[in-house]
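Data first, discussion second: the structure below is written as structure tokens.
Please treat every number below as a calculation from the coordinates, not as lab data. Bear in mind that the values here come from a model prediction, so they are computed numbers and not experimental data. Cβ placement follows ideal geometry from the backbone for every residue including glycine, while neighbour counts extend to all protein chains displayed.
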Amino acid sequence: MVEVTLGKTGITVNKNGFGALPVQRIPKEDAVYLIKKAYEGGITFFDTARNYTDSEEKLGAALEGIRDKVFVATKTAAKTGEKFREDLEISLKNLRTDHVDLYQFHNPSFCPKPGDGTGLYEAMLEAKEQGRVRHIGITNHRLSVAMEAIDSGLYETLQFPFCYLATDKDLELVKRCREAGMGFIAMKALSGGLINNSRAAYAYLAQFDNVLPIWGVQRERELDEFLSYVGNPPEMTDEIRAVIDKDREELLGEFCRGCGYCMPCPVGIEINNCARMSLMIRRAPSAAWLTPDAQEKMKKIEQCLHCNQCKGKCPYNLDTPALLEKNLKDYQEILDGKEY
Ligand code: SF4
Ligand code: SF4
């Protein structure tokens with residue numbers, strides 16, 4: 001069994017963490033079943049967020065009786081100290097606990113610091129002094145904010161997208177976290193569904209001993225796949241390297257990760273799916289992306305106002321409206337019979 005220690009927090013867990021975002025989409029009893037099964041299979045790190053609707057509640061119900069045997073991480077997207085306190089109160093209640101092991105600022109557009117006028121970091125410190133928060137973390141999709149968080153010395157962990165499509169800058173973040181004694185929690189290790197080989201995803205991350213991937217789990221078969229890696233962690237082989245090289249060739253560059261940070265769109269375009277439709281159709285079972293409902297969503301791209309709001313918010317600096325148009329053109333050609 002491979003373990004990871006999250007920097008100076010001392011939190012040491014199996015190198016498979018549970019990402020509780022997708023359990024929002026399934027009934028409570030199914031979610032509780034999955035979470036309990038994950039624990040029984042050796043997973044002891046669970047990551048949720050105040051913004052994931054009822055995910056915290058489901059996690060709280062599932063962890064009843066085993067709370068002291070696991071680590072619970074959650075997040076707040078609060079913009080003021082007051083809202084922070086409110087969020088923490090609700091999270092503790094939902095999670096049925098008196099403390100969270102790791103409390104993270106949820107993708108803020110800046111790096112919260114003492115004296116910045118928001119009162120956020122002060123509220124975090126106060127919660128830590130009260131013992132309601134054991135460790136302080138930050139999650140982000142922007143390299144600049146992540147770098148600033150590392151340099152600030154104020155954070156014990158960073159949660160950032162990291163997978164085998166990583167750029168040199170992402171690798172630099174992992175290295176800098178290690179040097180700073182910070183834990184690195186990898187989100188989107190399957191790149192929001194674009195990576196369909198979880199063995200390869202795991203084997204890549206296994207090369208970084210300070211990185212803890214949290215897998216977003218919604219179905220039992222997905223969980224079973226990751227639980228099999230607890231006892232049998234995949235290692236890098238020539239075969240896996242070939243899969244990674246092929247995917248990197250196909251996916252590197254201008255592609256939408258599906259994070260949704262550019263939304264909402266004023267005309268209701270579902271950007272996080274539509275801007276990567278060409279890839280999803282080719283890399284995932286295509287039927288789900290060709291239904292009348294999906295076609296209607298793609299057609300909405302024709303109503304784009306070119307207001308560029310989405311472009312301004314994309315952390316990957318994508319030209320989102322142009323990407324949408326490109327995907328729509330390809331999609332229409334596929335509907336007209338183009339081979340894909
Ligand atoms: S540019 Fe188009 S897709 Fe982007 S936010 Fe504006 S209307 Fe929506
Ligand atoms: S366009 Fe950018 S912000 Fe929008 S979903 Fe894709 S990667 Fe995320």
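A few points about this structure:
- Between L88, L305, L279, the Gaussian network model of the chain with springs among Cα atoms under 10 angstrom shows the greatest mean-square fluctuation at L305.
- If you look at the Cα atoms of region 162-208, you get an Rg and a Dmax of 10.9, 32 Å.
- Across the chain the C-alpha pair distances fall into 10 Å bins from zero in the proportions 5, 24, 33, 26, 10, 1, 0 percent.
- Inter-label distance, nm, simple model (7 Å from Cα along the C-beta direction), E296/N232: 4.4 nm
- Kirkwood-Stokes translational diffusion coefficient of region 269-334, alpha-carbon pairs, 25 °C, 0.890 mPa s, µm²/s: 203 µm²/s
- Residues of type lysines that K169 reaches as a straight line, Cα spacing below 29 Å, ignoring anything fewer than 8 places off in the same chain: K8, K15, K75, K79, K113, K188, K246, K311, K313, K326
- With coordinates expressed along the principal axes, the C-alpha atoms belonging to region 1-157 extend over 43, 33, 29 Å, beginning with the largest.
- Comparing mean-square fluctuations of P114, P213, P285 from a GNM of the chain with C-alpha springs under 10 Å, the top value falls on P285.
- Counting only DSSP beta bridges whose two residues both lie in the chain, roughly 10 percent are antiparallel.
- Using only side-chain charges placed at the Cβ, +1 for Lys and Arg and -1 for Asp and Glu, the dipole size of the chain relative to its Cα centre rounds to 300 debye.
- Largest GNM mean-square fluctuation among A288, A201, A146, using the chain with Cα springs under 10 Å: A288.
- Positive contributions from Lys and Arg (+1) and negative ones from Asp and Glu (-1), summed over other residues with Cβ under 14 Å from the Cβ of E122, come out at +1.
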